[in-house]
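Report on the structure given below.
Laboratory data are not the source of any read-out in this text; all were calculated from the coordinates shown. Keep in mind it's a predicted model, so treat the numbers as computed, not measured. Note that each Cβ is placed from the backbone with ideal geometry, even for glycine, and that neighbours are counted across all protein chains shown.
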Amino acid sequence: MICLNDVTKIYDNQAKGIENVSLSIKQGEFVFIVGTSGSGKSTFIRLLLKEVDLTSGEIIVSRQNLSLIHPKLLPYYRRNIGVVFQDFKLLPNKTVYENVAFAMEIVQASSKDIRRSVPAVLSMVGLEKKYKDYPNQLSGGEKQRTAIARAIVNKPPLLLADEPTGNLDPDNALEIMKLLEKINSHGTTVIVATHAKDLVDSMKKRVITFVEGNLISDVEQGVYDYEVAQS
Amino acid sequence: MAFASVITVMSCILIFSVSFYFVENINFALEKINNSIGLSVIIKDDLPDEKIDVLKKKISELVYVKKIDFVSSEQALKNFMETFEDSKEILAGLKEDNPLPRSFDILLLDNKFYEDAIKACENLKNDGVEKVKHALAETNVLMSISKILHIVSAVMIFLLGIISIVIIINTIRLAVNSRREEIIIMKYIGATNWFIRWPFIIEGMIIGFVGSIIPVLICWPCYEKIIEFIYIKMSFMKKIFEFKSGLIIFSELLPIALSLGLFIGIVGSFSSVKKYLDV
Ligand SMILES: Nc1ncnc2c1ncn2[C@@H]1O[C@H](COP(=O)(O)OP(=O)(O)O)[C@@H](O)[C@H]1O
Ligand SMILES: [Mg+2]
């Protein structure tokens, strides 16, 4: 589903994002991207979103070469990807329900579809009772569940999460990971960038480690290897 | 934030409207003066009366002649006496032996034909024209004043437009800035640029509409009040200066101000959003 060939991203200020990265991820996989701060995890996520353009190499997502996507068609490409961030990015003046419905309004879903899909996805993430609350009335874990509900309500085949548990306590963090695993079990490809060692270790998923922008290891059912990450 | 933008557009359109009223009135006055300047064709003393009609016909055949009036010696004297009413007695003797010649008063369709008209009449010497009295120098001055006025007002309107757009872009940019998060989220979810843009464009249109209709609606009654005030306080103004009708200026200003306001609003919001769409 995702294929990177010798991808390098150098930012305008000459900072190295990632360098000579080649990897492939199959449909339905659950993958952790780990590494210390500044190792290039977010750069990898942003490249997949085509939020930044690569400097050299080639990225293929769902048979599309990202460098060849016309700017006008970029929104339609992004509709195939759900994305979740550390800071949730919820709209403070909308309720949980409205925040999720907003994602469907943007892709111009019918109001009938919205009324059917939003409650279903809210109950999937366990927020069916909180649909009327505003973000500032929610705990961190609930905010992230809302963000996840918004990311998957349009049923994208790919879900990207950049440090989704960065602002959460360990219990909430684990629940979010379990939720992502549940979404993955329904067939969605999930890629999680994180440096939460314990969580990664407990999940026994594929782990790709970045060090200073280079892909250092790629292990099935791996653990977050400090030795490798620090080397 | 929308409130600040409306105020900005309103001040710009208000300045524009006030200048518009001034320029319209000055143009109106110039036009009136310009239209009342005519030629006077003096007829040779020895031209028999029956030839006068022939001459009149020849002059009225000139395409740019709007109006031609025959002024007899008696009429000329009467006009002359009226002008110098205070010196009636001194002039009384003139009645016996009227020295004033017969003439034609001519009004032209447009004063740009002034020089041509003078030449054409002077060419009719053989048909009985003695000479042509004219105000060519004065007309030229008036024409250049109105030309300058047109240029000045065009430049002023242009500058005002530019200034308004710059200010409005900045004000709307603040409004857009406060919704940056929302725009970024929309981009991540896959909103098209037009989907993100149109609410801001609509907002810009409303700001432009409200910001231009209010000053235009305020200016008209104020203008009428000011005229009333001037005529009451300075009644002599009534004789020397006629203000252009408020209704006519209003009906000319309304479409211009509205399109200017809408244009400012749309351009302002369009360019403010642009910055955030390239993500
Ligand atoms: N927008 C940017 N402009 C310039 N340099 C950047 C930008 N984003 C990231 N970088 C640089 O790229 C490198 C990788 O950053 P990032 O991908 O954010 O790492 P991580 O998410 O693993 O912490 C860092 O050295 C960082 O300073
Ligand atoms: Mg990061």
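Numbers at a glance
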{"item": "Cα-centred dipole magnitude for chain A, charges only on beta-carbon of K, R (+1) and D, E (-1), debye, nearest 20", "result": "1120"}
{"item": "Ordering of B:226-233, B:34-41, A:125-132 by burial proxy (mean other Cβ atoms within 10 Å per residue, highest first)", "result": "B:34-41, A:125-132, B:226-233"}
{"item": "Euclidean distance of C-alpha centroids, segment B:188-267 and segment A:71-112, integer Å", "result": "40"}
{"item": "Normalised per residue, the volume of the convex hull around the Cα set of segment B:89-200 (Å³)", "result": "226"}
{"item": "Ranked list, fewest to most other Cβ atoms within 10 Å of each Cβ, for B:Trp198, B:Trp220", "result": "B:Trp198, B:Trp220"}
{"item": "Cα lying deepest toward the dipole's positive end in the protein assembly as shown, options B:Ser40, B:Phe113, B:Ile52, charges on Cβ", "result": "B:Phe113"}
{"item": "Neighbour-count order for B:Asp46, A:Asp133, fewest beta carbons within 10 angstrom listed first", "result": "B:Asp46, A:Asp133"}
{"item": "Per-residue ³J(HN,Hα) for segment A:81-87, Karplus 6.51 cos²θ - 1.76 cosθ + 1.60, θ = phi - 60°, Hz, x for Gly and Pro", "result": "10, x, 9, 10, 10, 4, 9"}
{"item": "Unit charges at the beta carbon, dipole of segment A:72-231: most positive-side option, A:Ile216, A:Ser110, A:Met177", "result": "A:Ser110"}
{"item": "Neighbour-count ranking [beta-carbon atoms within 10 angstrom, fewest first] of A:Leu122, B:Leu107, A:Leu180", "result": "B:Leu107, A:Leu122, A:Leu180"}
{"item": "Relative contact order (percent, whole number), chain A, Cα cutoff 8 Å, 6+ residue spacing", "result": "28"}
{"item": "Cα-Cα P(r), the protein assembly as shown, percent of pairs per 20 Å interval", "result": "17, 30, 18, 15, 13, 7, 0"}
{"item": "15 Å beta-carbon shell around B:Ile226, net charge (K/R +1, D/E -1)", "result": "0"}
{"item": "Average partner coverage of A:93-100, which counts Cβ from other chains inside 10 Å", "result": "0"}
{"item": "Förster radius 45 Å - calculated FRET efficiency between B:Lys225 and B:Phe70, Cβ distance, rounded to 0.05", "result": "0.50"}
{"item": "FRET efficiency, B:Ile202 to A:Asn136 (Cβ-Cβ, R0 35 Å, nearest 0.05)", "result": "0.75"}
{"item": "Using distinct alpha-carbon pairs, which all enter the 1/r mean, Kirkwood radius of segment A:91-156 in Å", "result": "11.4"}
{"item": "Rel. contact order, % - alpha carbon contacts under 8 angstrom, at least six apart, segment A:91-156", "result": "49"}
{"item": "Dipole of chain B, positive end: most advanced residue of B:Val63, B:Ile172, B:Asn27 [Cβ charges, Cα centre]", "result": "B:Ile172"}
{"item": "Of all DSSP beta bridges in the protein assembly as shown, antiparallel share, percent nearest 5", "result": "65"}
{"item": "Convex hull volume per residue for segment A:1-139, taking Cα atoms only, in Å³", "result": "158"}
{"item": "Projected-area mean, segment B:4-129, by convex hull of Cα positions, square nanometres", "result": "12.0"}
{"item": "Segment A:163-190-segment B:158-182 distance, computed between alpha-carbon centres (Å)", "result": "42"}
{"item": "Distance histogram for chain B (every C-alpha pair counted, 10 angstrom bins, percent rounded to whole numbers)", "result": "6, 19, 19, 17, 13, 11, 8, 5, 2, 1, 0"}
{"item": "Neighbouring partner chain Cβ atoms per residue of B:190-196, average, 10 Å criterion", "result": "6"}
{"item": "10 Å Cβ neighbours from other chains, averaged over peptide A:147-154", "result": "1"}
{"item": "Spin-label model distance (nm) - A:Lys72 vs B:Asn126, 7 Å beyond Cα toward Cβ", "result": "7.4"}
{"item": "GNM top mover of A:Pro164, A:Pro119, A:Pro71 - chain A, alpha-carbon springs below 10 Å", "result": "A:Pro71"}
{"item": "Equivalent ellipsoid dimensions for segment B:26-74 as semi-axes, Å, which come from the Cα gyration tensor, largest first", "result": "28, 13, 7"}
{"item": "Relative contact order (%) - segment B:38-134, alpha-carbon pairs under 8 angstrom, separation at least six", "result": "52"}
{"item": "Rounded if a/c under 1.5, otherwise prolate or oblate - segment A:54-209, Cα gyration tensor axes", "result": "oblate"}
{"item": "More than 23 angstrom apart: percent of Cα pairs within segment A:133-231", "result": "29"}
{"item": "Förster-model FRET efficiency, 60 Å R0, B:Met234 and B:Asp53, C-beta, rounded to 0.05", "result": "0.80"}
{"item": "Table column - 3J(HN,Hα) (Hz), segment A:207-216, Karplus curve with 6.51, -1.76, 1.60, x for Gly and Pro", "result": "10, 10, 10, 9, 10, 6, x, 9, 7, 9"}
